[in-house]
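Below is one structure, written out as structure tokens; comments come after it.
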Amino acid sequence: MSSFDLVKSFDAVVVGSGIAGLTAALDLAPLRVAVLCKGALGDGSTPHAQGGIAAAVGSGDGPTRHAADTLEVGAGLNDAAAVAVLTGEGPARVADLSARGVAFDVAEDGRPRLGREAGHTARRVLHAGGDATGAEISRALAALALASPHIEVMEHAFAVDLVVDGGRVLGLTARVGDAGGVLLAAPAVVLATGGVGRLYANTTNPPEVTGDGLAMAARAGARLADTEFVQFHPTALASGRDPMSLITEALRGEGAVLVDEEGQRFMVGVHPGAELAPRDVVARAIWELSSRGGGAFLDATGAVGAVFPDRFPTVFRLCLEDGIDPRVGPIPVAPAAHYHMGGIATDLHGRSSLPGLWAVGEAARTGVHGANRLASNSLLEGAVFGRRAGLDITRIAPARPGEAAVSSVAEPPGPEPDPQPDLVANLRDLMWEKVGLSRDHDGLVDALEEMDRLEEKLGPGVSAVANMVSTARIIASAALVRAESRGGHYRADHPGTEEAWRRPVLVNR
Ligand SMILES: Cc1cc2nc3c(=O)[nH]c(=O)nc-3n(C[C@H](O)[C@H](O)[C@H](O)COP(=O)(O)OP(=O)(O)OC[C@H]3O[C@@H](n4cnc5c(N)ncnc54)[C@H](O)[C@@H]3O)c2cc1C
């Protein structure tokens, strides 16, 4: 007799309703699929994406050039084959998004209007609604998922743990709204749980992005890689909000400049790209400025000025909400945890090291980003590898395990645990101070010791809080191991990049 409130079986279960999860789910047709998300359908980081989605669709551009830019920013740790897949299939996946109803902005000639962002040597960033690209993608994919008979959407559903037996994933357990403890038996589980931004006190990521997928996969024994590489966006709006509003890099692409309190540009001389230097370089320059007591501002008054509301309506609204008019005055900015390059290690089809488990989107480590992500490559990664995973599973079409057999090895998830807000606040401060933009050996050791103490205070059962502590520990441990600086990982005690470290740090090797 199962102690689950509900047991259901599917051909595949997708955890996450961002661009990666919904693309995988749509491309899993005609297999029968459940899509779980913590909040309402289409939550996660995807609807907040502003700048756009990169694809080599412009004249004079091409996948080889896009790949070269991606490899340059990735600081020697990208997987070249994965980058070739990303950039080669990018134009087709953007065409798919258009066919799925995403209304990209177009110029008078009907061709996509392309923006440019840091690290790109060509204009190749498609956007929608100016700077509302993610919201438009999310709207279109969610509408299609709801209209697709092969998909069952489970909102307000918290995926707790993978069910593993005999070295294979057989489904997962979840707490689903009023239904309580649910067992979803399926021969294929796709983790599309997004990044880890909420582990940090300062972040652009929404509340549901707590690194659950990484914690779940690690508990089940799947391999993780590159987890020390967190990208800190240099320009979040410094107005005291949580999450911090993003001030899109596309503004710097349009010529907005970074200035100090005296109005002096401080990126000139730091890097030949100045304001369009890679994100880690710009973020650290702002961090260093603020650690000397200075403030940083993004001045778009000259480059954008009066057309700000038309070109960047989302940023304009966010600034006005905080009493800043970016047409006439500079925007106060600070770095914030934004994107996770590492995650669940996968092959080119999204397969993890654990049979029956796939991972896509920000939760995955496909190898496309290496040590640092090229701007606007993450939405593209979700679209490209979401589809690849979906097609891979339909090709295999594994047989469903019997519900009784899965019930007999699954652990019921137990009641909703206490959210422990004080513990979460301590963890987020700790991660920001000791596992953030600038790390060193002693700080990382302190952080891991403090995590031991936090772990002792955790309530019973698997929760988002417990997952946050587990994932934080994974990131801090990898950061301690990597005794060099590379891409998004900066060690103040090892500021140089070492050839011997041109290799990933693995968890569950
Ligand atoms: C403010 C902002 C601006 C950005 N701008 C850009 C941009 O312009 N271009 C670009 O390429 N990238 C951008 N990014 C990054 C990009 O948006 C993300 O990397 C991408 O959307 C991630 O998509 P995803 O599908 O992997 O995950 P997400 O969209 O984050 O979705 C994660 C999903 O997993 C679900 N989930 C998580 N844990 C559980 C659980 N335990 N149980 C059930 N469900 C769970 C969540 O509810 C959610 O549905 C931006 C990010 C932010 C935050």
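Rule-based calculations on the coordinates, nothing more; no lab input. Not measured: the values here are computed from a predicted model. Neighbour counts run over all protein chains shown; Cβ positions are idealised from the backbone, glycine included.
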Which peptide among 497-506, 10-19, 295-304, 50-59 comes first, and what is the full order, when sorted by highest mean count of other Cβ atoms within 10 Å? 10-19, 50-59, 295-304, 497-506
With a cut-off of at most 16 other beta carbons within 10 Å, and DSSP calling the residue loop, which trypsin sites (Lys or Arg not before Pro) in the range 226-309 qualify? Please list them. Arg241, Arg292
Considering only the other residues whose Cβ falls under 12 Å of the Cβ of Arg241, what net charge follows from Lys and Arg at +1 and Asp and Glu at -1? -3
What FRET efficiency comes out for the pair Arg509/Asp109, r = Cβ-Cβ distance, R0 = 45 Å, nearest 0.05? 0.30
Helix-only mean residue ellipticity at 222 nm for the chain, each DSSP H run of n ≥ 4 adding -39500 (n - 2.57), per residue, nearest 500: -10000 deg cm²/dmol
Roughly how far apart, in whole Å, are the Cα centres of the range 9-57 and the range 63-140? 18
With a Cα-only, solvent-free Debye model of the range 91-230, what are the log10 I(q)/I(0) values at q = 0.09, 0.13, 0.16, 0.19 Å⁻¹? -0.42, -0.84, -1.13, -1.27
Gained length - Ala80 relative to Asp178, 0.36 nm times residue gap less alpha-carbon distance: 30.7 nm
Quick check: net charge around Val176, other residues with Cβ under 13 Å of its Cβ, Lys/Arg +1 and Asp/Glu -1? -2
Residue-by-residue Karplus 3J(HN,Hα) for the range 225-231, coefficients 6.51, -1.76, 1.60, Hz, glycine and proline x: 8, 6, 5, 6, 8, 10, 8
List the residues whose amide H sits under 5 Å from the amide H of Val35, counting only those 5 or more places along or on another chain, with H placed 1.01 Å from N in the peptide plane. Val14, Glu152, Val153, Met154
Separation between the Ala500 and Glu321 pseudo-spin-labels, each 7 Å from Cα along Cα→Cβ, expressed in nm? 4.9
Å³ per residue of the Cα convex hull, for the range 27-74? 166
Helix 441-456 sits off the longest principal axis of the Cα atoms of the chain, rounded to the nearest 10 on a 0 to 90 degree scale, by 40
Taking the 0 to 90 degree range and rounding to the nearest ten, how far is the long axis of helix 464-481 tilted relative to the main principal axis of the chain, both from C-alpha atoms? 60
Stretch gain in nm, segment Ser291-Asp429, where the contour uses 0.36 nm per residue and the Cα spacing is subtracted: 48.1 nm
Loop GluC sites (Glu not before Pro), the range 326-417, which have at most 16 other Cβ atoms in a 10 Å radius of their Cβ (DSSP): none
As an exercise, use a Förster radius of 41 Å and the Cβ-Cβ distance of Asp422 and Leu144 to find the FRET efficiency, rounded to the nearest 0.05. 0.50
Dipole of the chain, positive end: most advanced residue of Val14, Gly211, Ala334 [Cβ charges, Cα centre]: Val14
Residues with amide H under 5 Å from that of Leu170, placed H, sequence gap 5 or more: Val163, Val164, Asp165
Considering only the other residues whose Cβ falls under 14 Å of the Cβ of Leu6, what net charge follows from Lys and Arg at +1 and Asp and Glu at -1? -2
Convex hull per residue volume in Å³, alpha carbons only, for the range 1-122: 166
Using only the alpha-carbon atoms of the chain as identical scatterers, what base-10 log of I(q)/I(0) does the Debye formula give at q = 0.07, 0.09 Å⁻¹? -0.34, -0.58
If you line up the long axis of helix 377-396 against the longest principal axis of the chain, both from Cα atoms, how many degrees apart are they, to the nearest 10? 20
Would you mind checking which residues have amide H under 5 Å from Ala364's amide H? H placed 1.01 Å from N; only 5 or more apart, or other chain. Ile344
If I take R0 = 56 Å and measure r between the Cβ atoms of Leu6 and Val328 in this structure, what FRET efficiency does the formula 1/(1 + (r/R0)^6) give, to the nearest 0.05? 0.50
Restricting attention to the range 52-120, which GluC sites (Glu not before Pro) occupy a DSSP loop and are surrounded by at most 14 other Cβ atoms within 10 Å? Glu108
Relative contact order %, the range 55-105, counting alpha carbon pairs below 8 Å whose residues are six or more apart: 41
